[in-house]
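I have placed the structure first, in the form of structure tokens, so that the comments after it can refer back to it.
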Amino acid sequence: MRGEIVTPGEIVADNKIRMHNAFSQNGKTYSSVLGIKDERTNEIVSLEGVWDPRPEDSVVGIVSEDRGKVYIIDLSYFGRAILVPGKYEKYELNPGDIINAIIKDIEGKKTVVLKDARVLKGGTILSIKPKKIPRIIGKKSTMIRQIAEATGSHIVVGMNGLIWLSGGNMQLATETLLKIEREAHLSGLTETIKNFLDEKK
Amino acid sequence: MGSSANKPKLIIDGKRTDGRDFTETRKIKIIASPLKNADGSAYIEWGNNKILAAVHGPREATPRHLSDPTKAIIKCRYSMAPFSSLSEHGRSGPNRRAIEISKVIKEVFENVVMVNDFPGSEIAIFIEVLQGDGGTRAAGITAASVALASAGIHMRDLPYAVSVGRIDDRITLDFNMIEDNYSDSDMPIAVAPRNNEILLLQMDGGMTKKQMSDALKMAIEAGKEISDVQRAALKKAYSTEMK
């Protein structure tokens, strides 16, 4: 991710173009967030902020309520998240259970409907800024695979910013994940993390 | 605050009491995201003003009945620390002045934050004045907009604010405490720099039409520098040299 940092209200194009995290007015396009303007893709990648849920995202959440037919899931997100078991599905979830699920749909811009849930037994949850999650996964999951191999931990990453860890060298895995969160905007991160893991192992 | 009877001389030999020019602001320094637990934050030193601004959100709106399913609601709390200036400030919760300033600051940001992007949520802005020396609401707005941007909140612009006023016949920029108390007119304004939209305009005292337009021009001219400081602070917090 290379490019210059843009701030809200800064001109990013002298003509009217459709761009993520930007808006047009009077024939010019302006950034609406603090982000990096990627030179190659010509997109603005925001540096901070809340999670923007999209269908088919994999998330990690905690069951907070059992309402009989639906479960309310806490995804540490300002909207609501629900899990509705399908006709042939049956879940036996209790409040406090950690689950990994896929987003089926987003209703009315803020209610997240989940599907394909599975319970994650034991382990701990780590909270990371949602905008840093793509860096933790890495291109074609290279980064997360590298950490899992080096530490022997079982890691499930939710796009909503919650990460579930279990087994292996969890101390090192947590340290590495937090290091990525701190340095997510720097380039050459995979290499840095590789050296960091080799050093600590 | 001050009465004209015991008014001190604010212009001595064509210079202001602190030696500044009439179109000169005090020194402004901003640090973006100094706080770890807030979603976004900023610290500003504007002359002797020292102010911390922090932002929480977008998060679930509480109480629930205040939430709007079509847009985010904005909350703002401006408060002066008990040690910030005169001992009458901040002694027992919000006073009339703090409530008023909180309200006008909230309205400034309702006009620039893209509230429709975060339906049903709330965005809370906290402005804590640690040390006050005149123009705290202007400095507070300037810091809060940096804090909002560093929280990743979608905004149409990065507003700044500055006070401008009149001492005798001279239009003067950025009052300090003594000038604020004894000036003939004092006008804090907040501006969205992209198209110079005015988001806040309050005034004590009076001005003629000509003085008013001169004052606005002076504030917008000074605003360019303030904007640069804001944007530089945000960029510095994320540049590679820093870490």
Exercise for review: Find, to one decimal place in angstroms, the Kirkwood hydrodynamic radius of the range A:1-139, where the mean of 1/r is taken over every pair of different Cα atoms and then inverted.
Suggested key: 17.2 Å
Practice item. Working from the alpha-carbon coordinates of the range A:58-120, get Rg over Rh, Rh being the Kirkwood radius. Key: 0.91
Review point. What is the Cα centroid distance between the range A:87-113 and the range B:89-139, reported in whole angstrom?
Key: 37 Å
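Find the relative contact order for the range B:13-103 and round it to a whole percent, using C-alpha pairs within less than 8 Å whose residues are 6+ positions apart. Present the calculation step by step, with values, prior to reporting the outcome.
Values: 88 pairs, mean separation 13.0, N = 91.
With pairs under 8 Å counted, the relative contact order is 14 percent.
Give me the net charge of B:SER150's neighbourhood, meaning all other residues with Cβ under 14 Å from the Cβ of B:SER150; Lys, Arg count +1, Asp, Glu -1.
Working: positive: A:LYS129, A:LYS131, B:LYS36, B:ARG231, B:LYS235, B:LYS236; negative: A:GLU48, B:ASP39.
So the surrounding residues net to +4.
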**Study point:** Distance between the range A:176-201 and the range A:153-170 - C-alpha centres, whole angstrom
**Key:** 16 Å
Practice item. Enter the per residue convex hull volume of the range A:3-46, computed from alpha-carbon coordinates, in Å³ rounded to the nearest integer. Key: 56 Å³
Exercise for review: Would you give the gap between the C-alpha center of the range A:1-32 and the C-alpha center of the range B:201-243, rounded to a whole Å?
Suggested key: 22 Å
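List the relative contact order of the range A:93-200 as a percent without decimals, with contacts defined as Cα pairs under 8 Å and 6+ residues apart.
It rounds to 22 percent for the range A:93-200.
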Revision key, fill the gap. Compactness summary of the range B:75-197: radius of gyration and Dmax from Cα atoms, Å, are 15.4, 49
Check your understanding: Looking at the range A:50-105, which trypsin sites (Lys or Arg not before Pro) are DSSP coil and have at most 12 other C-beta atoms within 10 Å of their C-beta?
Key -> A:ARG67, A:LYS69, A:LYS87, A:LYS90
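What is the order of B:SER67, A:SER187, fewest Cβ neighbours within 10 Å to most? If you can, show how the numbers build up before the last one.
Numbers: B:SER67 17, A:SER187 11.
Least crowded to most crowded, the residues run A:SER187, B:SER67.
Only helical DSSP H runs with n ≥ 4 go in: add -39500 (n - 2.57) per run for the protein assembly as shown, normalise by residue count and round the 222 nm mean residue ellipticity to 500 deg cm²/dmol.
Numbers: 8 runs with 106 residues, N = 444.
Result for the protein assembly as shown: -7500 deg cm²/dmol, rounded to the nearest 500.
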Check your understanding: Cα axis of helix B:96-110 to longest principal axis of chain B: angle in degrees, 0 to 90, nearest 10?
Key -> 60 degrees
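Once fully extended, how much extra length lies between B:LEU201 and B:ASP228, figured as 0.36 nm per residue of separation less the alpha-carbon to alpha-carbon distance?
Details: separation 27, 0.36 × 27 = 9.72 nm, distance 2.17 nm.
Full-extension gain reported as 7.5 nm.
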Exercise for review: Go through the range A:26-77 and name the GluC sites (Glu not before Pro) that are in a DSSP coil and have 11 or fewer other Cβ atoms within 10 Å of their Cβ.
Suggested key: A:GLU39, A:GLU56
Exercise for review: Taking a cut-off of 15 Å between Cα atoms, list the aspartates and glutamates near A:LYS104, but don't count ones fewer than 8 places away on the same chain.
Suggested key: A:ASP52, A:GLU56, A:ASP57, A:GLU89, A:ASP116
Revision key, fill the gap. For the range A:13-93 the chymotrypsin sites (Phe, Trp or Tyr not before Pro) that pass both the DSSP coil test and the at-most-13 other-Cβ-within-10 Å test are A:TYR88
Review point. How big is the Kirkwood radius of the protein assembly as shown, worked out from every pair of different alpha carbons and given in Å to one decimal?
Key: 24.0 Å
Exercise for review: Could you state the angle between the C-alpha long axis of helix B:209-238 and the longest principal axis of the C-alpha atoms of chain B, as a value from 0 to 90 degrees rounded to the nearest 10?
Suggested key: 40 degrees
Review point. Taking only Cα atoms, what is the 0 to 90° angle, nearest 10, from helix B:136-150's long axis to the longest principal axis of chain B?
Key: 30 degrees
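Which whole-number percent gives the relative contact order of chain B, counting Cα pairs below 8 Å spaced six or more residues apart? Walk me through the numbers on the way to the answer.
Numbers: 517 pairs, mean separation 52.9, N = 243.
Relative contact order of chain B: 22 percent.
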Exercise for review: Ratio to report: Rg/Rh of chain B, with Cα atoms as the point set and Rh obtained by the Kirkwood method; give two decimals.
Suggested key: 0.98
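Every read-out reported here was derived from the displayed coordinates using simple, explicitly stated rules and does not represent laboratory data. Please read these numbers as outputs of a predicted model, since none were measured by experiment. Reconstructed Cβ throughout: ideal geometry from the backbone, glycine too, with neighbour counts over all protein chains shown.
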